[in-house]
Amino acid sequence: MSLSHARILVTGATGFIGSRLVQWLVEVEKARVVAFVHQFKNASRISRYPVEMVQGDVTDVASLKKAMEGCTHVVHAAVTFAGTAEQNRAITVDGARTVCDAARSVGISRVVYLSTIDVYGTTPPGVIDESTSCHPSGSYGQDKLDAEQVFREAARTGLTPVILRLPVVYGPWSFWSTYPMDQFHRGCVVLPDEGSGICNAMYVDDAVQSIVCALTSATDTDVVTCLVSGPDKISWKQFYEEHGKARGDKPAMPRFLPKADILAGYHGEQFNSTEGLLRRLWNIRGEARIVMRLPGAGRILNSIRTVRRNLLNRGNGINASPVAPLKVAVTSLPDILPDAAHLELMASQSFIESRAAEKLIGFRPSVSFAEGIEKTRLWLLWANLVG
Amino acid sequence: MSHSLRIVIIGCGAVTEMFHIAPLLARKDCRITALVDRNEKRLEVVGQLVPHAHRATEVATVLDDIDAAIVAVPHFLHAPISCELLSAGKHILVEKPLALTSAECDRMLAVARASGATITVGHMRRFCPAVAFARDMLRSGALGAISSVDVADGVVFGWPVESDFQFRRDKAGGGVLVDTGAHTLDMVISWFNEVTPLSYRDDASGGVEADCVVELGLSDGVPCRVELSRTRNLRNTAIIEGALGRMEVFFYDNKVVVTFTGAFPVLPIECMPRESALTDPSQWRHMFDYQLDDWLESLVQGRPAMVSGEEGAKVVRLIERVQAMREPLLHPWETFATGRQS
């Protein structure tokens, strides 16, 4: 099915997937696009294309209905992490309800909803698919799961929603590509368990292609839920190392710690008062490794150890000068632990297979990790994000 | 003019709220007598800051009670509103760019000449001390013969716009070239006078450009490259190479670093003229303050202001010539899997 006569409303159109989707719909599919924009100041990327921009809020049914007038399809990609948990939930869950109500009222049936693999929570090793049970471990995953349910219920009243559960989507402007570079910039990135966790990565163009398939597919069922992912099985070690190579002659490489040690390291970062910190240190004074991960403390102790080691080595005639090794110690980088919210994801041994997506909406990923990361590196250089 | 100047502000958008109101209220030699905006919500918001000012939605209704006006409306309205004010003999300070086209600029200049009113253009970067210092350095010849100029000017767009006009060619005249680029090109013209466009590439694809590269020729064929962005944080400096030294002008940090070469080892000099860093947008108020000082003093003293209507028109003419040379700016990561290049 061609979209050349379609008029498609995209919520979240200024986001990184939304922006690339808008570009694809306009330039490849020759569709007309209405971009539902929360704040115009974020619209620079999509302003390059002939799109109609309508300002509004996804929880405001009136502004959505107005924007949807004359539209044939909706892609609901709006999400926020900026507010409180309650505010973010309102955007995700109430927003889903509002999108369904507005679409129904103007006679649109096909709505594509961008969900996430976070709805599964912690999963056992092995393949996960649409039959895997969902036990979200965070509010984001729970909100998304609840929003999915809103779309499933809407299917009973005329909508034919397609729910796409997206994995780690990387590429230009992606959090998952700027975040590693920011971490590399701040210090030595630490990954759990030798970095062997499976990174279910998908290049943004594959994500966009899956949305296009969802828009155009003719399905037998009222509602379709698909997991989608990229074509290659890669580890988080590969994911970070390949991003780190964007730094050219000085590629940044992650180092590794057991997941348990990283969890212990979080405790060292959670003090918010000097008194609490000192009390905690006194209580755990035997656990040197925690002290080592306090900001700055590790560097100082490293320096002392290096000097001590060099002084000891002097007598053996090894590494006679204490100056050079000390210099290395002083310039050593602090450890950058993964955010607590990402630790389980980075340690997971679960692997997504997109078989249902191919069967139900005809989507098969086509951008290999090698190709996707090469484009990402070109963008990182251009965007001055390689550090 | 001996009495306190009566000022109207046309347009109650972000620039008015953030930068024009406070310095005007702080002055003794002028008063804001009216605010005009067709958006009544914005009129109410900004009106709270100036409770005594008359509020109106049409310029015509305030003409009798003013001496001068600040025109801070979307670009496509600059010419019609300015001509209405100039015809009534009112002096104007117009936000950049002066107008959408050179034809509109010519019309505005003609109306001003006929009425005797003056046009000043809000190229406020001229009032950045580092930029002014760089101009003096260049005029002094201290860098020797200039061999190249490279300007990178870009930040991720975050201006709190109330409408989409900045993203519409019919209303803004273009994207980053017309917006940030108007300041950048005015700065280059004010430094080198003679500027010839050589090539221009941008990434617009039926909309307005978010990134672009302009190649200019200065006198004696000196190349000048200008890169502009709304999607990236660029270097935000101008690097000027000369036979006797190199100068880097940090226009957001308000800093100039000059490195002289010669018989002695390299001697870098870091200049911090007048103010400290202007990186924080709240610090931009200094430049707006200097601009207002200059404009109001020019009206009181009957002297030309720093940036005249003619100079504003030069920038618009250069933008027009640059746009006429447009070629696509291709981003290699934007090649679609289908083999298409956006």
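May I ask for the angle, rounded to the nearest 10°, between helix B:180-192 and the longest principal axis of chain B, with both axes built from Cα atoms and the value confined to 0 to 90°?
70 degrees
Taking chain B as the reference, fit the longest principal axis to its C-alpha atoms, fit the long axis of helix B:309-324 to the helix C-alpha atoms, and give the angle between the two in degrees, 0 to 90, nearest 10.
Helix B:309-324 and the main axis of chain B meet at about 50 degrees.
Please tell me which of these pairs span more than 28 angstrom C-alpha to C-alpha: B:96/B:255; A:41/B:90; B:90/B:314?
Working: B:96/B:255 24 Å; A:41/B:90 33 Å; B:90/B:314 22 Å.
Too far apart for the 28 Å limit: A:41/B:90.
Based solely on C-alpha atoms, express the radius of gyration and the Dmax of region B:5-117 in angstrom.
13.3, 38
Taking each residue of A:46-57 in turn, how many C-beta atoms of other protein chains fall within 10 Å of its C-beta, and what is the average?
The per-residue average across the peptide is 5.
Ignoring solvent entirely, what values of log10 I(q)/I(0) come out of the Debye formula for region B:135-183 at 0.32 Å⁻¹ when each Cα is a single scatterer?
Each listed q corresponds, in turn, to -1.25.
State, in angstrom, two size descriptors of chain B derived from its alpha carbons: Rg to one decimal place and Dmax to the nearest whole number.
For chain B, the Cα-based Rg and Dmax read 20.7, 70 Å.
Which entries in the list A:65/A:144; A:65/A:359; A:66/A:375 go over 31 Å, if you measure between the two C-alpha atoms of each? Before the final figure, lay out each step's value.
Working: A:65/A:144 22 Å; A:65/A:359 33 Å; A:66/A:375 37 Å.
Beyond 31 Å between Cα atoms: A:65/A:359; A:66/A:375.
Enter the angle in degrees (range 0 to 90, nearest 10) between the Cα long axis of helix B:102-115 and the first principal axis of the Cα atoms of chain B, meaning the one along which they spread out most.
40 degrees
Under 1.5 on a/c is rounded, so check that first for region B:53-110, then, if it is not, pick prolate when a/b is larger than b/c and oblate when it is not; a ≥ b ≥ c are the square roots of the alpha carbon gyration tensor eigenvalues.
Since a/c reaches 1.5 and a/b is larger than b/c, the shape of region B:53-110 is classed as prolate.
How far is it, in nm, from the label point at residue B:336 to the one at residue A:355 when both lie 7 Å from their Cα along the line to the Cβ?
Computed distance between label sites residue B:336 and residue A:355 equals 3.1 nm.
Based only on Cα atoms, what mean projected area does the convex hull of the protein assembly as shown have, in nm²?
Details: hull surface 155.4 nm².
Mean projected area for the protein assembly as shown: 38.9 nm², to one decimal.
Note the direction-averaged projected area, equal to a quarter of the hull surface, for the Cα convex hull of region A:129-168, in nm². Each step should come with its number before you reach the end.
Values: hull surface 13.3 nm².
With the hull built on Cα positions only, its mean projection is 3.3 nm².
What longest range of chain B stays clear of loop-exposed trypsin sites (Lys or Arg not before Pro) (DSSP non-H/G/I/E/B, at most 11 other C-beta within 10 angstrom)? Display every interim value, and only then the final one.
Working: sites that count: B:28, B:340.
The longest uninterrupted stretch comes out as B:29-339.
Which semi-axes, in whole Å and largest first, does the equivalent ellipsoid of region B:49-195 have when worked out from the alpha carbon gyration tensor as the square roots of 5 times its eigenvalues?
Numbers: eigenvalues 195, 74, 47 Å².
Each semi-axis is √(5λ); the values are 31, 19, 15 Å.
If you add up the charges near residue B:303, with Lys and Arg at +1 and Asp and Glu at -1, over every other residue whose beta carbon is less than 13 angstrom from its beta carbon, what do you get? Before the final figure, lay out the partial values.
Values: positive: none; negative: B:293, B:294, B:297.
Once positives and negatives cancel, what remains is -3.
How many times 2.2 N^0.38 Å is the alpha carbon radius of gyration of region B:163-234? Mind dumping the intermediate values first?
Details: Rg = 12.9 Å, N = 72, 2.2 N^0.38 = 11.2 Å.
This ratio for region B:163-234 stands at 1.15.
What does the charge count around residue A:103 come to, taking other residues whose C-beta lies under 10 Å from its C-beta (Lys +1, Arg +1, Asp -1, Glu -1)? Let's see the in-between values first.
Values: positive: A:65, A:104, A:110; negative: A:101.
Taking every Cβ under 10 Å from that of residue A:103, the sum is +2.
Within the set of other residues whose C-beta is less than 15 Å from the C-beta of residue B:101, count the net charge using Lys and Arg as +1 and Asp and Glu as -1. Walk me through the numbers on the way to the answer.
Working: positive: B:96, B:107, B:169, B:171, B:314, B:317, B:321; negative: B:104, B:106, B:170, B:320.
With Lys, Arg at +1 and Asp, Glu at -1, the net is +3.
Which is the longest run of chain B containing none of the GluC sites (Glu not before Pro) found in DSSP loop states (not H, G, I, E, B) with at most 13 other C-beta atoms within 10 Å? Before the final figure, lay out each step's value.
Values: sites that count: B:58, B:194.
Answer - B:195-342.
How large is the Kirkwood hydrodynamic radius of region A:64-114, in angstrom, based on all distinct alpha carbon pairs?
Working: mean 1/r = 0.0874 Å⁻¹.
Averaging 1/r across every pair of different Cα atoms and inverting gives 11.4 Å.
For region B:5-117, what is the charge dipole size about the Cα centre, in debye to the nearest 20, if Lys and Arg each add +1 at the Cβ and Asp and Glu each add -1 at the Cβ?
On the way: 12 positive and 13 negative charges, 45 e Å.
Roughly 220 debye for region B:5-117.
Nearest 5 percent is fine: what portion of the DSSP beta bridges confined to the protein assembly as shown is antiparallel? Walk me through the intermediate numbers first.
On the way: 39 of 107 bridges.
Once the DSSP bridges in the protein assembly as shown are tallied, antiparallel ones form about 35 percent.
FYI, it's all coordinate maths here, none of it is from the lab. Predicted model, so just to flag it, every value in this text is computed and none were measured. Note: ideal-geometry Cβ built from the backbone for every residue, glycine included; neighbour counts use all protein chains shown.
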